[in-house]
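Structure first, commentary second.
The values are calculated or read from the model by the stated rules, or taken from the named source; none is laboratory data. Note that the structure is a prediction, hence the values are computed from the model and not measured. FYI the Cβ positions are ideal-geometry reconstructions off the backbone, even for glycines, and counts take in every protein chain you see.
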Amino acid sequence: MMSSASIQRYVRHRELLFLILPCVAYFLLFHYVPMGGLVVAFKDLIMTQGILHSPWVGLLNFERLFASEDFPRALWNTLVISLLRLAFGFFAPIVLALMLNEVRITWFKRGVQTLTYLPYFFSWVVLGGIFLMLLGGDGPINSLVRSAGHSPISFLGDPTWFIVVLVVTGIWQGTGYAAVIYLAALAGIDGHLYEAASLDGAGRWNQMRHITLPGLVPTIVVLLILSLGGILNAGFDQIYNMYNPIVYTSSDIIDTYVLRRMIDMDYSLATAAGLFKSVVSLVLVIGANWLARRATKGEHSIW
C-alpha cells in the first residue's frame, strides 16, 4: 500500500505522469494485447471459425514442432550463430570503447566514433544488397582473390563461409553503436581515481586494469544478461536479406522458420515456435540474472 505522502507526490507531479501515457499505451497495444494470440499455439486454428471457436489440441503443435525435420535444424543454427556472435561480438564494443577512451585528440576521437556507429543506422535491406554485390562471384572481393592467383570463394553459397560472413558483418554493423553505452559508463567514472593512481605511479595500463575495467563491470554484467536473453535472436533482418536456399542448412533460423510456416498458413505451428523461443529467452534471462547475483553477492544484477 502506498502512503499518503507518496500519493500526494504523484498528484503533485501528475503532469509528468501524463507524459508517460503514450509509452504505456504503446506497450499495452503492441506488446501485451497481442499476447492473447498465444493461445493459437494450443489450438488447431481454422480461419473460418476464428481463434476463440477453433478446437483445442493441447500440446499437439509442440509435438509436431519437434517431430519435424526443419525446426531442430533451425534451432541448432540459431544457437550456433547466436553463440558465435556472443563469443566474438560481445567484447568488441568493450575493446573499442577502451581504445577510444585512451584517445586524447578530440576531433580524431569523435570522427572515429562517428564512423564506427554510423553503420548501425543503415537498414539490412541496404547493407544486405551492398554485401551481396561485394561478395558475389563477380564482385570486387573475388576479383581481388582472382588477381592474387586463387580460385574465387563462394562467400554466399558455401554454408561455412556464409556463417563467417554473417558473424563478421553483424559485428561490424553493431559494434560502434554498442560502444556508446560503454563510453557513457566510462564517462561516469570519477576522474579523481585516475589522478590518485597517477600520483601513486600507476601507468595507463594499470589504470585501465584497476580503475576502468572494474568501473565497467556493472554495465558488462547487465548487457551480458540481456544478450543471453536474446540468444535465440540470431538476426532475422540480416539473414533474411542475405541468405538463399543453398545455405539453408546452416542459416535457417527460428525466425525464418516461423515466417515460412506463416506463409504456408500454418499459424498454429508458427505460434508454437514463437512461444517456445520466448519461454526459453525468459528462462535464460532469469537464470543469467540469478547467476550474476550469486557470483557478485548481489552487487551486480538487473533485479
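Table for the structure above
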item: Count of region 221-236 residues which are crowded, with 18+ Cβ neighbours inside 10 Å and part of a loop (DSSP other than H, G, I, E, B); result: 4
item: Answer residue from region 82-126, given it is closer than 18 Å to Tyr240 by Cα and of a type in the set (Gly, Ala, Ser) and is surrounded by the fewest Cβ atoms within 10 Å (Cβ to Cβ) among those; result: Ser123
item: Residue list for region 141-157, restricted to those being under 30 Å from the mean Cα position of the chain (by Cα) and either without any contact (Cβ under 8 Å) to a residue 24 or more places away in the chain or part of a helix (DSSP H, G or I) (or both); result: Ile141, Ile153, Ser154, Phe155
item: Cβ pairs under 6 Å, 6+ apart, first in region 98-127 and under 16 Å from Ala187 (Cβ atoms), second charged (D, E, K, R); result: Leu100/Lys109; Val103/Lys109
item: Residue among Gly149, Gly136, Gly129, Gly176 that is small (Gly, Ala, Ser), within 30 Å of Ile246 (Cβ to Cβ) and surrounded by 14 or more Cβ atoms within 10 Å (Cβ to Cβ); result: Gly136
item: Filter result for Ile239 (in contact (Cβ under 8 Å) with a residue 24 or more places away in the chain, under 30 Å from Pro140 (Cβ atoms) and assigned to a helix (DSSP H, G or I)); result: yes
item: Answer from Thr169, Thr256, Thr175 - the residue that is out of contact with any strand residue (DSSP E or B) (no Cβ under 7 Å at 6 or more places or on another chain), in contact (Cβ under 8 Å) with a residue 40 or more places away in the chain, closer than 30 Å to Gly37 by Cβ and not aliphatic (A, V, I, L, M); result: Thr256
item: Those residues of region 73-87 which are in contact with a Leu (Cβ under 9 Å, 6 or more places away or on another chain) and not basic (Lys, Arg), in sequence order; result: Leu75, Thr78, Leu79, Ile81, Ser82, Leu84, Leu86
item: Top-ranked residue of region 80-139 - restricted to ones that are part of a loop (DSSP other than H, G, I, E, B) and closer than 25 Å to Tyr194 by Cβ, ranked as modelled with the highest pLDDT; result: Phe91
